[in-house]
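Read-outs throughout are calculated quantities, based only on the coordinates presented, and are distinct from any laboratory measurement. As the structure is a prediction and not an experimental result, all values here were calculated from the model. Here the Cβ positions follow ideal geometry from the backbone for every residue, glycine too, while neighbour counts run over all protein chains shown.
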Amino acid sequence: MAAETISASFDIYRYRPGKDASPRYQRYTLDLTPHTPVLTALLKIRAEVDPTLSLRYSCRSAICGSCAMQINSKSRLACETHIGPEIERHGRIVVEPMRNQPVLRDLVVDQAPFWREYDKIEPHLKLDPRHPMPEGKATAMTPAQVDRFKETPRCIACAACYSACPAVEADAEFPGPMALAKLYRFVVDPRDRATQDRLVRIQPNGLWLCLRCHLCTEACPKDVRPSERIRDLKEMAIAAQGGTETGSRHAIGFKENLKGAGQLNEMQLVRATSGLTGMLGQVGQGIRVWRKKPEILKRPRKIEGLDELEKIYAALDPPPKEEP
Amino acid sequence: MKLAYYPGCVAQESGKELDMATRWVCRNLGIELVEFPNFSCCGSGFVDEANEVLNIAINVRNLAIAERAGLDMLTICSTCQGMLTLAKVRMTDPKVKARVEAALKPLGIEYRGTVQVKHLLRVLTEDIGIAAVKAKVRRPLHGMKVGAFYGCHLLRPADEMQSESAEEPHAFEDLLSAVGATPVDYRGRVMCCGFPIQFVKPSTASAIAGRQILDAKAHGADAMATPCPLCHLSLDAYQNKAAKEVHAVLDMPIFHLPQVVGLALGASPEELGLSRHLVPTDPALEKVRPAARA
């Protein structure tokens with residue numbers, strides 16, 4: 001028996017830069033089964049209704065990473081997003097190109113910014129010439145060493161994470177989730193001899209602009225979990241270099257601050273992160289806030305059992321070396 | 001019901017009005033708050049960046065305090081909720097568990113993992129229930145259009161936070177409807193407030209906050225409401241900077257979640273600490289249709 005069909009309305013972003021005055025949304029309504037992938041619907045529209053619709057796709061099996069786009073505002077692969085749940089939740093399906101990359105036509109974007117960030121992290125092994133790989137064993141690694149890659153080798157470079165990232169949207173300095181997840185992959189590769197150099201170089205170049213909003217981790221169709229690997233990079237960067245950046249100083253400052261009373265001392269933290277001169281720059285804002293919220297100048301009370309916290313710090317900071 | 005109250009740092013300091021509103025709402029909905037002066041700060045995501053295992057241990061200590069008392073925890077901050085839940089999830093990894101227990105066992109701290117960590121939003125919508133909240137409404141907020149602003153850590157990563165949805169939640173909107181307000185649908189409601197990089201790069205942080213406020217405004221919001229005091233700082237205390245970054249007049253009142261509920265349940269603006277906000281909330285309160293006022 002054939003599955004029942006539903007009437008599905010698509011509002012598709014249409015735009016030809018240089019030709020159209022502004023983007024518009026065009027509605028197409030089709031009868032489809034709920035498990036139809038959005039990509040299948042788009043191809044049907046193009047084949048049967050409107051041959052001018054432009055989109056990018058290839059494998060239709062969530063392997064090539066070509067068909068990432070925004071589906072009801074979520075960055076997703078069109079080939080593995082079914083229409084049923086979208087219609088159920090939104091009553092229609094709004095299809096738009098990925099964000100954070102200029103539109104070339106309709107749903108096709110120029111991925112140059114995404115690939116530029118990828119190239120910048122130098123995504124290739126840098127072998128130490130003094131330690132050549134033994135003949136025939138170029139990829140020899142222990143299972144434990146392979147485990148350190150976590151999910152990063154699964155990345156198909158679809159750019160869904162780049163599209164979903166609010167830091168990329170707001171700041172051109174941020175390399176984006178994919179480039180940083182890829183960087184992590186090389187930093188933990190036991191064959192790569194540039195680990196320290198990679199960590200040193202990425203720090204002033206946007207590592208600390210990650211908001212840890214985890215939108216990348218939700219957008220990723222391969223569960224690469226970029227936000228969690230960016231966290232790992234931050235901890236590794238601190239271990240390698242200490243507080244060389246505002247971001248790392250703030251993380252270290254917060255950790256030390258918490259040890260003091262068990263509660264946050266807001267003023268002390270500002271001073272640890274920004275220094276006295278940095279604090280001066282924030283005096284105006286500080287007074288504005290203080291007039292409504294005078295507690296910002298109060299020292300927090302010490303929690304009971306602060307000695308327990310001190311002992312936890314003594315045992316785990318810095319973290320003891322893991323068993324190999 | 002009885003819960004271990006975990007107010008978090010901000011609600012005890014600059015976000016005192018959140019603590020006031022929470023206590024008022026809980027008192028009026030029959031939620032007993034048990035206080036523990038030995039709870040520590042959750043690390044706010046920053047300690048996690050500096051030392052992951054330390055961050056887990058600090059929060060397991062907090063979890064164990066509530067667990068020992070046989071109580072589930074109530075959080076009123078998306079970030080506290082996120083950090084405490086993350087510690088619970090990470091402790092299911094045997095390697096992590098061994099390292100944390102090695103530090104906690106000598107202190108006599110035992111953790112079984114039975115304690116639940118619940119944000120006020122979940123307690124109100126699931127434990128108390130939307131219908132029960134609605135039944136207590138004395139002054140429905142008819143006429144006030146509110147954009148819910150969730151805060152990242154309440155939602156994501158969804159598999160770890162056990163949230164209703166990473167990008168398409170509706171519990172907050174359901175609650176807003178229950179108290180008579182009109183929820184506003186906008187993309188920014190599940191986006192970031194910018195707070196985590198307020199110190200790293202204030203201009204970018206404020207630009208991000210500004211975008212979300214503009215988005216809510218463009219969709220007709222008279223006010224926004226958040227379950228997270230860090231989002232509140234970003235959206236309210238730093239709204240002047242956000243406005244500068246997005247080159248727009250924002251003037252968007254920002255409520256804490258329990259303030260919106262409290263208003264509908266009959267609390268006065270004084271009881272909810274509304275005068276402590278940087279952006280005045282009066283314009284939003286004036287939207288409440290006079291006929292519906294008590």
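Brief remarks on what is shown
- Free-standing Cys residues across chain A, given no other cysteine C-beta under 4.7 angstrom: A:Cys67, A:Cys79, A:Cys155, A:Cys158, A:Cys165, A:Cys210, A:Cys220
- Spacing of the modelled spin labels on A:Leu125 and B:Asp159, each 7 Å from Cα toward Cβ, amounts to 2.8 nm.
- Cα convex hull, chain A: 245 Å³ per residue, rounded to a whole number.
- Three-way shape call for the range B:186-249 based on the alpha-carbon gyration tensor, with the a/c threshold at 1.5: oblate
- Computed FRET value (nearest 0.05) for A:Arg116 with A:His35, which takes r as the C-beta separation and R₀ as 35 Å: 0.40
- Three semi-axes of the equivalent ellipsoid, chain B, Cα gyration tensor, whole Å, largest first: 32, 23, 15
- Among B:Ala11, B:Ala237, B:Ala135: highest mean-square fluctuation, GNM of chain B, C-alpha pairs under 10 Å: B:Ala135
- Part-to-part distance (alpha-carbon centres) for the range B:45-104 and the range B:167-220, which is given in Å: 27 Å
- Amide hydrogen proximity for A:Ala8: with H placed 1.01 Å from N in the peptide plane, the residues at 5 or more positions away or on another chain lying under 5 Å are A:Leu30, A:Asp31, A:Leu32.
- For chain A, calculated [θ]222 nm from helices alone, where every DSSP H run of n ≥ 4 adds -39500 (n - 2.57): -12000 deg cm²/dmol
- On a per residue basis, the convex hull of the C-alpha atoms belonging to the range B:122-190 measures out at 75 Å³.
- Ranked by how many other beta carbons lie within 10 Å on average, peptides B:59-69, A:28-38 from highest: B:59-69, A:28-38
- Hydrophobic long helices, here whole DSSP H runs in chain B with Kyte-Doolittle means of at least 1.0 and Cα atoms spread over 20 Å or more along the helix axis, are not found.
- Overall form of the protein assembly as shown per C-alpha gyration tensor (a/c, 1.5; a/b vs b/c): oblate
- Each principal axis of the Cα atoms in the range B:1-90 has its own extent, and those three values, largest first, are 40, 30, 20 angstrom.
- Label-point separation in nm, A:Val49 to A:Ile6, each point 7 Å along Cα→Cβ: 1.6 nm
- Nearest 10 degrees, 0 to 90: helix A:306-316 Cα axis against chain A principal axis: 70 degrees
- Prolate/oblate/rounded label for the range B:221-294 (Cα gyration tensor, a/c 1.5): prolate
- Less than 5 angstrom separates the built amide H of B:Gly147 from those of B:Val184, B:Asp222, B:Ala223, B:Met224, B:Ala225, all sequence-distant by 5 or more or on a different chain.
- Between helix A:266-281 and chain A there is an angle of about 90 degrees, using the helix long axis and the longest principal axis of the Cα atoms.
- In chain B, the calculated helix contribution to ellipticity at 222 nm averages -11500 deg cm²/dmol per residue, counting -39,500 (n - 2.57) for every DSSP H run with n ≥ 4.
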